[in-house]
Amino acid sequence: MPRRDSLSPCAYDLLDRRRFLGHAGTGLGAIALTQLLAGDGLLAAETADDKQGPIRPLIDPSRPNAPRKSHFPAKAKRVLVIFCSGACSHVDTWDYKPELIKLHGKPIPGGEKLITFQGQQGALTKSPYAFKPRGESGKMTSELLPKLGALADEMCFIHSMTSKTNTHGPGENFMSTGSVLDGFPSMGAWVNYALGSVNENLPAFVAIPDPRGVPQSSMNNWGSGFLPAVSQGTPFNAQKPIRNLRRPATISKSADRASRDFLKLLNERHLKRYPGDTQLAARIASYELAAKMQLSVPEVSDLSSEPAHVLRAYGADDAQNKIKAGFARNCILARRLLEKGVRIVQIFNGAYAMGEGVGNWDGHKTLKKQYDLHGPILDQPAAALLSDLKQRGLLHDTLVVWCTEFGRMPTFQKGASGRDHNPSGFTCWLAGAGVKRAHSYGATDPWGHKAVENVTTVYDLHATVLHLLGLDHTRLTFYHNGLERRLTDVHGHVIRDVLA
């Protein structure tokens, strides 16, 4: 054994078995403590050298829905997403192409044998809907959506959006989650994870499915993926409120309240015995929110208090078009939720289960016949929602996002009267908090096939939405399977030119 005076005290201690095991035990404990503190954001404040590191929200397990600070001052307090499921055609709605009219009936330049999702393309085909100048800006939009077009001065168009896929399910996933794969958190879940809720009685994130059903990717559009489950959206609409919310008739109100109070007592006692049990704390918080929602959700979903002129403005009283009336009631519900402090509302126009193009914007075979049905369902209710938000003073701090999973071809499919899928260039628009009014950004080629000017991606759109909410998309992360995951993956740039 070496002489003691030839070794440092620390090195000499390691030669002793008991001291070695003791140091190893305390060292491993310190490593574990550091990991726990890092996960909860309790390590020392960052220095100038840490500016590029991740920012994880500090979440109190006993109050997982509590409001949290943004990374920097936000322009938008809340977000409304209007998602047209089925891939709404940009060249028949927002993207005016005079050259497409001139080239009507001719092969697409350089793509005479172009094969897309369903097969070979036919000739370039102008829109069956005339375009007209709208508002003071004179923005050209289609007569398919005249009421929304009349609000073009409120909108900031992104005409150069691109996607990574030409398939509906992955396309919906990509637009809602930033990944074409299943299992990734939705944009709303990321916002919920980062900022929490400003309303103690309602979810922070609500998804409103179309009256005809859910979109193709269903709950992927509002799921939490690998984020905490409390971050996921709560789906319900004006036709189908949250299930199992009402107290059974066989249980009295007093017995129901007594049961909840007793359960709360038991949970709190258990939490005192195990103060580090974060899952129990989160479960207690979810039970308490569910109890509050028994009162708050029926109240916000009850549209009987809405004046007749409001129902009429939205088209909710349309006895001839039941689907339009149902979507209109969903739009009114969306406005009421935003008024009550729900931070993210995602409303869907179009459903999957009814088949190709029947209940959604997937116009492959007979586009005009199908769009003649879908246009009126969307137009009046969505336009009324946007106008209502402005009239009530909510639009100045609400960001509205209109999107679809990808666009459609400027050609008709060979042997058909409809357009195939087109992820190479399509349109989304923003309105409200923090974005320019009456503005157009980017462009597709002269006939509307590919984005060629200021090409943007879904990652850029997500980065911009997060930015307007006061969040840095490059630093909002969640550690999962050895990776620092984020909504925009390793991509994305804030589209600065659309910011007011």
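Only the coordinates and a few stated rules stand behind these numbers; no lab work does. As the structure is a computational prediction, the values presented were derived from the model and not from experiment. All Cβ positions, even for glycine, are placed from backbone atoms using ideal geometry, and neighbour counts span all protein chains on display.
Summary of computed values
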item: Highest to lowest packing among 411-421, 109-119, scored as the average C-beta count within 10 Å; result: 411-421, 109-119
item: Beta bridges by DSSP in the chain, antiparallel share as percent, to the nearest 5; result: 50
item: Leading residue at positive end of dipole, the chain (Cβ point charges), from Gln121, Gly138, Pro235; result: Pro235
item: Distance from region 130-153 to region 330-360 (C-alpha centre basis), Å; result: 23
item: Förster radius 45 Å - calculated FRET efficiency between Asn481 and Ile101 (Cβ-Cβ, nearest 0.05); result: 0.30
item: Share of pairwise Cα separations in region 184-315, more than 27 Å, in percent; result: 33
item: Extension reserve of the Ala229-Lys369 stretch, reckoned as 0.36 nm per residue once the Cα distance is removed; result: 46.2 nm
item: Förster radius 56 Å - calculated FRET efficiency between Gln120 and Arg260 (Cβ-Cβ, nearest 0.05); result: 0.35
item: Long-range HN-HN contacts of Arg134 with modeled amide H, under 5 Å; result: Lys139, Met140, Thr141
item: Segments 228-238, 457-467 sorted - mean Cβ within 10 Å per residue, highest first; result: 457-467, 228-238
item: Rounded to whole Hz, the Karplus (6.51, -1.76, 1.60) HN-Hα couplings of region 311-325, x for glycine and proline; result: 4, 5, 4, 7, x, 6, 9, 6, 6, 8, 10, 5, 5, 4, 4
item: The chain - convex hull of the alpha-carbon atoms, volume per residue in Å³; result: 196
item: Reachable lysines from Lys272, criterion Cα separation under 18 angstrom, eight or more residues apart if same chain; result: Lys264
item: Gain upon complete extension [Asp397, Ser286; 0.36 nm per residue less C-alpha separation]; result: 37.1 nm
item: Percent RCO, i.e. relative contact order, over region 118-255, from Cα pairs under 8 Å lying at least 6 residues apart; result: 17
item: For Trp429, distant residues with modelled amide H under 5 Å away; result: Ile158, Trp402
item: The chain: relative contact order as a whole-number percent, Cα under 8 Å and 6+ apart; result: 27
